[in-house]
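Here is the structure we will look at.
The values are calculated or read from the model by the stated rules, or taken from the named source; none is laboratory data. None of the values given here were measured: they were computed from a predicted structure. Using ideal geometry, Cβ is built from the backbone for each residue, glycine included, and neighbour counts are taken over all protein chains shown.
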Amino acid sequence: METLDRWLSSADQALRTLSGGAHAGRRCPGESPGASEATLAEPERRLAGALMRVNHVGEVCAQALYQAQALSTRDDALREQFRAAAREEQDHLAWTERRLQELGDRPSLLNPLWYAGAFGVGLLAGRLGDRASLGFVVETERQVEAHLARHLDRLPAADVRSRAIVAQMQADERRHGEQAQAGGAAPLPAPARWLMRAAAKVMTSTAHRI
């Protein structure tokens, strides 16, 4: 029954993630009561929207990965670590979702596909054992942190709100990776890292447009 409850909870979280109903537990970065937002030129708005859509896809995948890894481990402390990280990633999901609305843009139309693929990868990582699962977190967060750094370089300087969101996400991802490393993560073999980078490239390139 406990296992069934976990799967039902995971299914509920999947529906919440894909329905656009994420709620943040922390205030959205860049918000300041009474402050007015700078007006972006149309090309800047489109670029910011595309970049934030990619970031939103990343958070959809993060929910799937952490849910699957929490289901796979038999270590209660590690399961709670995955769930705690997922809660922080849910903040990111809500922030990017809201920012897309503010920019007059939309999430990726392929979010169900991204979620399903990431969930499967998370289950596979979990089946390889806790040290391998943590190693997957370390490498994922390392790649995401580098990806967010590139987005900070590309986001319009006037888009202070998007930049603040991405900067906070980057700090959180770095901490998640450090926690996984401290938990006994095993380094991933080079082919696995290369495959992850290739898959991420396909996802980000597609989500930029669709």
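Brief remarks on what is shown
- Qualifying position, being within 13 Å of ASN55 (Cα to Cα) and in contact (Cβ under 8 Å) with a residue 60 or more places away in the chain, among ARG150, ARG106, ARG209: ARG209
- For the residues ARG99, ARG87, the requirement of being touching a residue at least 24 places away in the same chain (Cβ under 8 Å), over 19 Å from ARG209 (Cα atoms), of a type in the set (Lys, Arg) and assigned to a helix (DSSP H, G or I) singles out ARG87.
- Candidates ARG46, ARG26, ARG74: the one that is surrounded by fewer than 18 Cβ atoms within 10 Å (Cβ to Cβ) and closer than 30 Å to LEU124 by Cα is ARG74.
- Taken over segment 185-210, the residue count meeting the criterion of being within 18 Å of ALA146 (Cα to Cα) and assigned to a helix (DSSP H, G or I) is 16.
- Residue, farthest from the chain's Cα centre (by Cα), within segment 13-32, restricted to residues that are over 22 Å from ASN111 (Cα atoms) and small (Gly, Ala, Ser): SER32
- Criterion (modelled with pLDDT of 90 or more and under 20 Å from GLN143 (Cα atoms)) met by exactly one of ALA62, ALA86, ALA94, ALA50: ALA50
Yes/no per residue for (1) of a type in the set (D, E, K, R); (2) touching a strand residue (DSSP E or B) at 6+ places or on another chain (Cβ under 8 Å); (3) under 19 Å from ALA125 (Cβ atoms):
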residue: ILE165; (1), (2), (3): no, no, no
residue: ASP172; (1), (2), (3): yes, no, no
residue: GLY183; (1), (2), (3): no, no, yes
residue: PRO187; (1), (2), (3): no, no, yes
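- Matching option when the condition is in contact with a helix residue (DSSP H, G or I) (Cβ under 6 Å, 6 or more places away or on another chain) and surrounded by fewer than 18 Cβ atoms within 10 Å (Cβ to Cβ), among ARG87, ARG83: ARG83
- Which numbered condition ALA24 fails, given (1) within 28 Å of ALA200 (Cβ to Cβ); (2) hydrophobic (A, V, I, L, M, F, W, C); (3) part of a helix (DSSP H, G or I); (4) modelled with pLDDT under 85: (3)
- Cβ-Cβ under 7 Å pairs, at least 6 apart or on other chains, segment 109-132 side more than 21 Å from ALA77 (Cα to Cα), far side of a type in the set (Ser, Thr, Tyr): LEU110/THR206; TRP114/SER108; TYR115/THR17
- Being in a helix (DSSP H, G or I), touching an Asp or Glu at 6+ places or on another chain (Cβ under 9 Å), among the acidic types (Asp, Glu) and over 30 Å from ARG45 (Cβ atoms) is a description that applies to GLU178.
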